[in-house]
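Step one of this worksheet: look at the structure below.
Every read-out reported here was derived from the displayed coordinates using simple, explicitly stated rules and does not represent laboratory data. Computed from a prediction, not measured in an experiment: that's the story for all the values here. So basically every Cβ, Gly included, is an ideal-geometry build from the backbone, and we count neighbours across all protein chains shown.
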Protein chains: 2
Amino acid sequence: MKNKKIVIVGGVAGGASAATRLRRLDENAQITIFERTGYVSYANCGLPYYVGGVIEDADELTLQTPDSFWERFRIDVRTKHEVMSIDTEKKTVMVCGLETGKVFEESYDKLILAPGAKAFIPNIPGIDSKNVFTLRTVEDTFRIRDYVVSASPKSAVVVGGGFIGIEVAENLRKMGVDVTIVEASNQLMNTLDYDMATLVHTKLRSKGVDIRLDSTVSSIEECKSHEEKKADNSKPADRMSSESKLSVVLRDKTRIETDMVLMAVGVTPESNLAKEAGFKLGIRDSIVVNEKMETSVADIYAVGDAVQVKNTVTGKYSLISLAGPANKQGRIVADNICGIESTFEGSLGSSVIKVFDLTVASTGITEKRADVEGIDYDKVVLSPMSHAGYYPGGHVLTMKVVYEKVTKKILGAQIIGFSGVDKRIDVIATAISAGMKADKLKELDLAYAPPFSSAKDPVNMAGFMIENVESGIVKQFYWEDINRLTGDDSVTILDARTSEEYDSGHVEGALHIPVDDLRERKEEIDKSKPLYVYCQSGLRSYIACRILAQEGYDCYNLSGGYRFYSMVKKEINLVKKSFPCGMDKE
Amino acid sequence: MKNKKIVIVGGVAGGASAATRLRRLDENAQITIFERTGYVSYANCGLPYYVGGVIEDADELTLQTPDSFWERFRIDVRTKHEVMSIDTEKKTVMVCGLETGKVFEESYDKLILAPGAKAFIPNIPGIDSKNVFTLRTVEDTFRIRDYVVSASPKSAVVVGGGFIGIEVAENLRKMGVDVTIVEASNQLMNTLDYDMATLVHTKLRSKGVDIRLDSTVSSIEECKSHEEKKADNSKPADRMSSESKLSVVLRDKTRIETDMVLMAVGVTPESNLAKEAGFKLGIRDSIVVNEKMETSVADIYAVGDAVQVKNTVTGKYSLISLAGPANKQGRIVADNICGIESTFEGSLGSSVIKVFDLTVASTGITEKRADVEGIDYDKVVLSPMSHAGYYPGGHVLTMKVVYEKVTKKILGAQIIGFSGVDKRIDVIATAISAGMKADKLKELDLAYAPPFSSAKDPVNMAGFMIENVESGIVKQFYWEDINRLTGDDSVTILDARTSEEYDSGHVEGALHIPVDDLRERKEEIDKSKPLYVYCQSGLRSYIACRILAQEGYDCYNLSGGYRFYSMVKKEINLVKKSFPCGMDKE
């Protein structure tokens, strides 16, 4: 039998995974990777941390080399080689050596497309200015790192508030750079709902990051450089001061003077090759693949950021640019090429990001998405401790679990906190993958000792709460309802906290009766009106609701409590105040 | 309808959970808790940390009081009240007020037994000596804390190497006390297999804890006290020196001089009440309950350490003394009493413990247990990084996953490391609960960013490895096999590591060919003999196996690699050296 010849386009997550698994399965296959950049199998997700010097050694990012791939795997990696076109009839690709300019043809038995995605670059005036960067490749990273080290910029504008934008913002901020994030939507991180995202906004602002929401860049203007200015007039220049070199102009005419700009507004599948060869394309021209990661063309597979994948929760196709699925898909392709039946069942889009000392994680879909999908959902919001309160070092988690009402299917979760966040997201991701019902979370037998959790783990608590809601033991209302309710005479709002808590801030017009006084003082509450009860976290108000509901009151418990409401409200007010009537705050 | 009268025996985890849930479900029920100790709903699992001063404030342990239970829940908590007997016909209990000595009768509609377990005290001479302690209650804790603070003991013997023994050992060691753990079996922590437990032994020894395995205490002798000795002779005594006051005599006649002894050899269900009232009893006289937590007697429920529960993995009954299941059971009882159908499906025995800077966690069953159960199992042992290697602060995890061969059912997992241990155990616990097959672990879409994990999470890696084993892509051998293989001329042992690694330690008689040289040098290996390959972690040797197996070699990969083998071997040799032919090392 002739040895299989496999050509792989792109040698990072999916491509490299496919190649090495192929070798392990087939010692005799001829495996060639063409990688457009100068690096193979590099630490993609580590790039922002090299910019900030958290990862100090460039070699850490680029542990694998064409040589190491050859030594260990007999995989022929050609970096700085771009595949220009595919002839699906002849089963060949045209390749251009980017350093030599030499174009040659390479045949394949199986072709794997792992070209990734490219940074989306909006077509605006000045986008090609000096010191406007993107961050996708090792080369991009070195370029930015060289600039920040050599030029010591004082300010930076990051356009786009997704993972890369936020990670770079943090890294630059830690170097003392004044960072402004410009984001087109009303929130950063579209993996979160607006309310959860406000916690991220607050953290970033507290670290001195300026956030401009609902803002888009209309142009970037280059200012005269320091040297040019110096030449212009004879005024003695302060040699230490570095003047801003760029002016970022927003749609509302606001100008932000800055030394550098990072464009991180999102990515687009690198599907030109596939498009030109007539492949079936999907969302935003991504490559369509089946469960085996086969494209519409025989003997050609595709993986990673370039393909559309099924969202496990909605069953619909979407673009999920994450390393985890890409690596898994690479392995699946190798299996299928070598005759091992293997399928990719979909992605939950589970993600986690460090935002200074915060950890922000999510899995499945948001409320927002559930709305769009027309799913009849409900949610619980809770603020449990990351571990037993009596053991030092615990922190409050803010946790939202969204589930489908009738089926109790878990739709997704979002958790923000300091420690133990990633653990709970991974547990819920596992529960979703396994098709576990939301109220079954209460039964999970999770490992407990005081330094790690509570006897009732936060995930169990979410399960208890969901069961209580679904069985009608408690009815909920939400922070979104409070504005409407405060002006409504036909309802009562009850604050069930202590006097100290009430005095330090409460919902306007709320009646105040601490939960422990409620049995004696319940007559003060009008039984004919619906009663909206809150406490700090939602636990005491739940008890209050139970006490009063059994007495015939029509009670609703504030989901997430005053704590969540006030955190979100603070941010909303800040936004309102900063940009009254759409005005610029500067 | 008459208000229900519910009596609860025991007010800690299960009893308190039942009581508060009962109140939330039924505002009119009359709920009384009789608690033998002076404290209610206390932080049971925090007690060892109060001994060592990690938890500084006693109030942290005892946040709840009879008053607070009354204030919030109208639950009548009678501490220092012991229930003496149950009249199941009359539906009454006889109660003794321990301070007053007054005995009275209390009727119930529903009775919940949550008496917990008591420290098992072996019947040995001297067990009642002064400064011999147990640790179950707040009172025990205060007693020990008072002693260590006032008497500043220099040495302690902890008898029993389970959770409490180890936690107290750590806490005492951190106070500068010389601690010896005496353990009857050949390993500490029976939630682990022997090989994994050796990592715990090594850690404890490295922190100066002396461990005596295969040792039991035959007697405890009181020495003459310092003052008595002073009176005896006129030699001037050094006022600062404190002499040992106890001598712990082991079965092999070894004597360990010590200031204090903690008996932590295990617990026994507190089932006397149930026994005397003729309840059906199970393992070690635990109380038998059905899924609704009903005992064999009408209207009487039991929860917590006193009952036997079904092990989710084996389907058999066992005793699991952990707070998590107790709390869940309490809630389930309350539900059932209030007409909400609710069942306890069993426990995985998931647990986690801090051992100095190590985290040690497990879920499901060990190999040991699988052997006893006659299950045809296999295992993978891996040592992945807790997060991406290129991001600072990651640590190696040592991880074992045990699964049933034919069904691929996950039987259990054990993980030891510094960070990210509890996360992976909880994910696997969730997977087991959901009935997920072992190879499906590879598909889990877990949250990844460099500070938190790797694109292929350790749990995914375990899934990949299990799939490879089960599909025959790789065959394994284990550290237990090496002794036998080193003396066997009919096999080849191959070290696939670098020369530096080989030189710093290797298996005796191993042929050394680094994996990257293997394709050129494979002729040096005798194809007619089975080939046992190892590298440091098992990854390179897996690649070596794949290279050679395809060339017709009969290859086996060392599970866990040289790293795991050498860690276990070091400990075995240490034990052998310390106790040659059963001799005492002193």
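Looking at chain B, what % of its DSSP beta bridges pair antiparallel, to the nearest 5? Around 55 percent antiparallel, to the nearest 5. Against the main long axis of the alpha-carbon atoms of chain B, helix B:561-578 sits at an angle near 60°.
The angle between the Cα long axis of helix A:421-433 and the main principal axis of chain A comes to about 80°, on a 0 to 90 degree scale. Less than 16 Å from a label point 7 Å out along the Cα-to-Cβ axis of A:Ser490: which backbone N atoms in region A:523-538 qualify, by residue? Taking a point 7 Å out along Cα→Cβ of A:Ser490, the residues of region A:523-538 whose backbone N falls under 16 Å are A:527-532. Legend: calculated FRET efficiency, B:Ser68 to A:Lys368, from the Cβ-Cβ distance at R0 = 45 Å, rounded to 0.05, equals 0.65. If you take the charge dipole of chain B about its Cα centre, with +1 on Lys and Arg Cβ and -1 on Asp and Glu Cβ, which of B:Tyr42, B:Leu98, B:Tyr377 is farthest toward its positive end? Value computed over the given set: B:Leu98.
Hey, got a sec? Which GluC sites (Glu not before Pro) in region A:305-386 land in a DSSP loop and have at most 11 other Cβ atoms within 10 Å?
On the way: sites: A:Glu341, A:Glu345, A:Glu367, A:Glu373; in loops: A:Glu341, A:Glu345, A:Glu373.
When the GluC sites (Glu not before Pro) of region A:305-386 are filtered for loop state and at most 11 Cβ neighbours within 10 Å, A:Glu341 remain.
Charged side chains reduced to their Cβ positions (Lys and Arg at +1, Asp and Glu at -1) give region A:476-559 a dipole of some 300 debye around its Cα centre.
As a rough footprinting exposure proxy, the listed residues B:Asp299, A:Asp59, B:Asp422 were ranked by other beta carbons within 10 Å of their own, and the order from fewest upward is A:Asp59, B:Asp299, B:Asp422.
Computed with the Debye formula from one identical point scatterer per Cα of region A:1-58, without solvent, the log10 of I(q)/I(0) at q = 0.16, 0.22, 0.29 Å⁻¹ comes to -0.59, -0.84, -1.12.
Calculated on the alpha-carbon coordinates, the convex hull of region B:436-521 measures out at 169 cubic angstrom per residue. Once chain A is represented by equal point scatterers at the alpha-carbon sites, with solvent omitted, what log10 I(q)/I(0) does the Debye formula produce at q = 0.09 Å⁻¹? Debye curve over Cα of chain A, log10 I(q)/I(0) at q = 0.09 Å⁻¹: -0.81.
Any idea what the dipole of chain A comes to, in debye rounded to 20, about its Cα centre with Lys/Arg Cβ at +1 and Asp/Glu Cβ at -1?
On the way: 74 positive and 84 negative charges, 118 e Å.
Magnitude of the dipole: close to 560 debye.
Across the identical copies, the label point of A:Ile340 (7 Å from Cα in the Cβ direction) is separated from its matches by 4.6 nm, in order from shortest. Bridge orientation summary for the protein assembly as shown: considering DSSP beta bridges with both residues in this region, about 55 percent are antiparallel. Each residue of region B:112-120 in turn: what ³J(HN,Hα) in whole Hz from Karplus with 6.51, -1.76, 1.60 and θ = phi - 60°, glycine and Pro shown as x? Whole-Hz 3J(HN,Hα) from phi for region B:112-120: 10, 9, 9, x, x, 10, 10, 4, 6. Calculate how steeply helix A:163-174 sits against the longest principal axis of the alpha-carbon atoms of chain A, using the helix alpha-carbon long axis, and give the answer as 0 to 90 degrees to the nearest 10. That works out to roughly 80 degrees.
Residue exposure proxy: A:His395, A:His387, ordered by other Cβ atoms within 10 angstrom of their Cβ from fewest to most, comes out as A:His395, A:His387. With the cut-off at under 18 Å, measuring from each backbone N in region A:246-288 to a point 7 Å along the Cα-to-Cβ line of A:Asn190 picks out A:263-271, A:282-287.
Over the residues of region B:357-470, compute the C-alpha Rg and express it relative to 2.2 N^0.38 Å. Before the final figure, lay out the partial values.
Details: Rg = 13.4 Å, N = 114, 2.2 N^0.38 = 13.3 Å.
This ratio for region B:357-470 stands at 1.01.
A point 7 Å from Cα along Cα→Cβ stands in for A:Val103, and the other copies hold the same point at 10.3 nm, listed in rising order.
Taking trypsin sites (Lys or Arg not before Pro) across region A:383-437, the ones in a DSSP loop with at most 14 further Cβ atoms lying within 10 angstrom of their Cβ are A:Lys405.
Suppose the chain between A:Ser107 and A:Asp554 were pulled fully straight at 0.36 nm per residue; how much longer would it get relative to their current alpha carbon spacing?
Full-extension gain reported as 153.6 nm.
Toward the positive end of the charge dipole of chain A, with +1 on the Cβ of Lys and Arg and -1 on the Cβ of Asp and Glu, the farthest Cα among A:Val533, A:Val309, A:Val217 is that of A:Val309.
Kirkwood analysis of the protein assembly as shown, using all unique Cα-Cα pairs, places the hydrodynamic radius at 33.0 Å. Estimated from helices alone, the mean residue ellipticity of chain A at 222 nm is -8500 deg cm²/dmol (sum of -39500 (n - 2.57) over DSSP H runs with n ≥ 4, per residue).
In a reduced charge model with +1 at each Lys and Arg Cβ and -1 at each Asp and Glu Cβ, region B:389-545 shows a dipole moment near 660 debye about its Cα centre. Take A:Leu574, project a point 7 Å from its Cα along the Cβ direction, then tell me which residues of region A:382-409 have their backbone nitrogen under 19 Å from it. The answer is A:396-399, whose backbone nitrogens lie closer than 19 Å to the label point.
A viscosity of 1.567 mPa s and a temperature of 4 °C, combined with the Kirkwood radius over Cα pairs in Stokes-Einstein, give a translational diffusion coefficient for region A:1-130 of 81 µm²/s. Straight-line cross-link reach from A:Lys253 at under 18 Å between alpha-carbon atoms covers these aspartates and glutamates, not counting any fewer than eight positions away in the same chain: A:Glu183, A:Asp210, A:Asp214, A:Glu221, A:Glu222, A:Asp584, A:Glu586. Size check on region B:476-572: the Cα extents along the three principal axes, sorted descending, read 37, 26, 19 Å.
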